[in-house]
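Novice: Handing you a structure now.
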Amino acid sequence: MTSAPELRAAPPASYDRLIRDCGLPRLEARALMERASERRREWLIAHGEDPVPEAIAAAFATLARRRRDGEPVAYLVGEREFHGHRFRVDPSVLIPRPDTETLVDWAIELAAPGARVLDLGTGSGAIAVSLALARTDLVVWATDRSAAALERARDNAARLLGTERGGSDAICWRLGAWWKAIAEDERFDVVVANPPYIDGDDPHLAQGDLRFEPREALTPGPDGMAAIAELVAGAPGYLAEGAWLLLEHGLEQGAAVRARLEEAGFAAVLTRRDAAGHERVSGGCWRGGAYRNVGSGGRERAISPDPAASAEAVAATASGGTRLTAPTSHS
């Protein structure tokens, strides 16, 4: 009598197979495998045909399922690259996006040596920490109304700045909503913010990664311009003469933000475009700033009295550059 053939368990799947067969784009799947295996991308490429230990395979399967359900990769892996550095993120903070690097780059160009720079609504700290990393001479402040967000920002500062640069102590942190977090006698040379600017009824809030991000960091309510209006209105009391206010905004809000700035008395109002060519950051110089550096290698120049130059400057930023222009006259 012959015996029944012995049944053998299927061999463990390889790293490459799990990444290929999980139903996700390859780059996303590889990022999740890096997280599950605690291995770097280079190792996974070199060992792609190796069998995956059961515990790692199970962890990867859970992460892949959550991603297929829509959770952002940044939250699943716990970090997102921004301005050349990896920032830790969680659902208490907005996920940093490449668009915001436009704001950081402009602030770096505008800030004079030793300038006092304020980041309002810092979230993960991506803007403030990037400024401190790029310009060790700056005196950087950062605020947020969320204690959890401020703790995450402090953690990123401590890790990325390191003890040799002062860690989290290299930045002055304040808890509070917008200008309420700042003492009335403080003055700054550059103020930056990426405020919530999506209309509350915008259908995009119920789509993609936005479903999982903190809603208060995405929308101020029914009017997407509400937070921007509050920041512009309160800015004069906290800006030094010739200081700059730079605000990130939606791709269709540039004209409205420029109008707000001009109505509030800002000079040299202009807009810079992001890498995709969209109007993304608008800013202006607060009075007395007849001689200021406007970035992109520009030298300090006097502001022209020609009010028509403002529109010319906006058109001139189509390639991402900036130009010093005249303020709109105010009576």
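The values are calculated or read from the model by the stated rules, or taken from the named source; none is laboratory data. Values in this document were obtained by computation on a predicted structure and should not be read as measured data. We place every Cβ from the backbone using ideal geometry, glycine too, and count neighbours over all the protein chains shown. In case anyone asks, the SASA skips ligands and DNA or RNA and just uses the protein heavy atoms, side chains included. Shrake-Rupley method; radii C 1.70, N 1.55, O 1.52, S 1.80 Å.
Novice: Collect the residues in region 257-294 that are modelled with pLDDT under 95 and assigned to a strand (DSSP E or B), keeping them in residue-number order.
Specialist: Residue satisfying the conditions is 292 alone.
Novice: Scanning for something under 26 Å from residue 134 (Cα atoms), open to solvent by 50 Å² or more (accessible area, probe 1.4 Å), outside any strand (DSSP E or B) and touching a residue at least 24 places away in the same chain (Cβ under 8 Å), does region 195-204 turn up at least one residue?
Specialist: Kept after step one, since they are under 26 Å from residue 134 (Cα atoms), are these residues of region 195-204: 195-196.
Subsequent filtering for residues that are open to solvent by 50 Å² or more (accessible area, probe 1.4 Å) retains none.
No; the residues of region 195-204 include none that is under 26 Å from residue 134 (Cα atoms), open to solvent by 50 Å² or more (accessible area, probe 1.4 Å), outside any strand (DSSP E or B) and touching a residue at least 24 places away in the same chain (Cβ under 8 Å).
Novice: Here is a further query. Of 255, 233, 243, 259, which residue is buried (at least 16 other Cβ atoms within 10 Å of the Cβ) and either without any contact (Cβ under 8 Å) to a residue 60 or more places away in the chain or over 14 Å from residue 197 (Cβ atoms) (or both)? Break it down stepwise before answering.
Specialist: Values: 255 fails: buried (at least 16 other Cβ atoms within 10 Å of the Cβ); 233 fails: buried (at least 16 other Cβ atoms within 10 Å of the Cβ); 259 fails: buried (at least 16 other Cβ atoms within 10 Å of the Cβ).
Only one candidate passes the filter, namely 243.
Novice: Going through region 205-230 one residue at a time, which ones are within 15 Å of residue 70 (Cα to Cα), in a loop (DSSP other than H, G, I, E, B) and open to solvent by 30 Å² or more (accessible area, probe 1.4 Å)?
Specialist: 207, 212
Novice: Identify, from the list 129, 52, the residue that is closer than 30 Å to residue 244 by Cβ and of a type outside the set (Lys, Arg). I'd like the intermediate steps shown before the answer.
Specialist: Details: 52 fails: closer than 30 Å to residue 244 by Cβ.
Sole residue among the options that is closer than 30 Å to residue 244 by Cβ and of a type outside the set (Lys, Arg): 129.
Novice: Could you go through region 54-65 and let me know if any residue there is at pLDDT 95 or above and in a loop (DSSP other than H, G, I, E, B).
Specialist: Checked region 54-65: no residue is at pLDDT 95 or above and in a loop (DSSP other than H, G, I, E, B).
Novice: Considering only region 84-103, state which residues are surrounded by fewer than 24 Cβ atoms within 10 Å (Cβ to Cβ) and not in a loop (DSSP other than H, G, I, E, B).
Specialist: Correct list: 85, 86, 88, 98, 99, 100, 101, 102.
Novice: Please identify the pairs in which a residue from region 106-117 that is in contact (Cβ under 8 Å) with a residue 40 or more places away in the chain has its Cβ atom under 9 Å from the Cβ atom of a residue that is open to solvent by 10 Å² or more (accessible area, probe 1.4 Å) and aromatic (Phe, Trp, Tyr), counting only partners at least 6 apart or on another chain.
Specialist: Filtered contacts from region 106-117: 116/141; 117/141.
Novice: While we're on this one: Residues that are in contact with an Asp or Glu (Cβ under 7 Å, 6 or more places away or on another chain), open to solvent by less than 20 Å² (accessible area, probe 1.4 Å), of a type outside the set (A, V, I, L, M) and part of a loop (DSSP other than H, G, I, E, B): does region 33-53 have at least one?
Specialist: Yes: one or more hits.
Novice: Can you find even one residue in region 123-143 that is crowded, with 24+ Cβ neighbours inside 10 Å, over 15 Å from the mean Cα position of the chain (by Cα), touching a residue at least 40 places away in the same chain (Cβ under 8 Å) and not in a loop (DSSP other than H, G, I, E, B)?
Specialist: No, region 123-143 contains no residue that is crowded, with 24+ Cβ neighbours inside 10 Å, over 15 Å from the mean Cα position of the chain (by Cα), touching a residue at least 40 places away in the same chain (Cβ under 8 Å) and not in a loop (DSSP other than H, G, I, E, B).
Novice: Another one. Can you find a residue that is assigned to a loop (DSSP other than H, G, I, E, B), in contact with a Phe, Trp or Tyr (Cβ under 7 Å, 6 or more places away or on another chain) and open to solvent by less than 10 Å² (accessible area, probe 1.4 Å) anywhere in region 105-116? First the steps, then the outcome.
Specialist: Our first condition is that a residue be assigned to a loop (DSSP other than H, G, I, E, B); within region 105-116, this holds for 111-115.
Those left that are additionally in contact with a Phe, Trp or Tyr (Cβ under 7 Å, 6 or more places away or on another chain): none.
Scanning region 105-116, I find no residue that is assigned to a loop (DSSP other than H, G, I, E, B), in contact with a Phe, Trp or Tyr (Cβ under 7 Å, 6 or more places away or on another chain) and open to solvent by less than 10 Å² (accessible area, probe 1.4 Å), so the answer is no.
Novice: Out of region 148-165, which residues are surrounded by fewer than 21 Cβ atoms within 10 Å (Cβ to Cβ) and over 16 Å from residue 85 (Cβ atoms)?
Specialist: Across region 148-165, the qualifying residues are 148, 151, 163.
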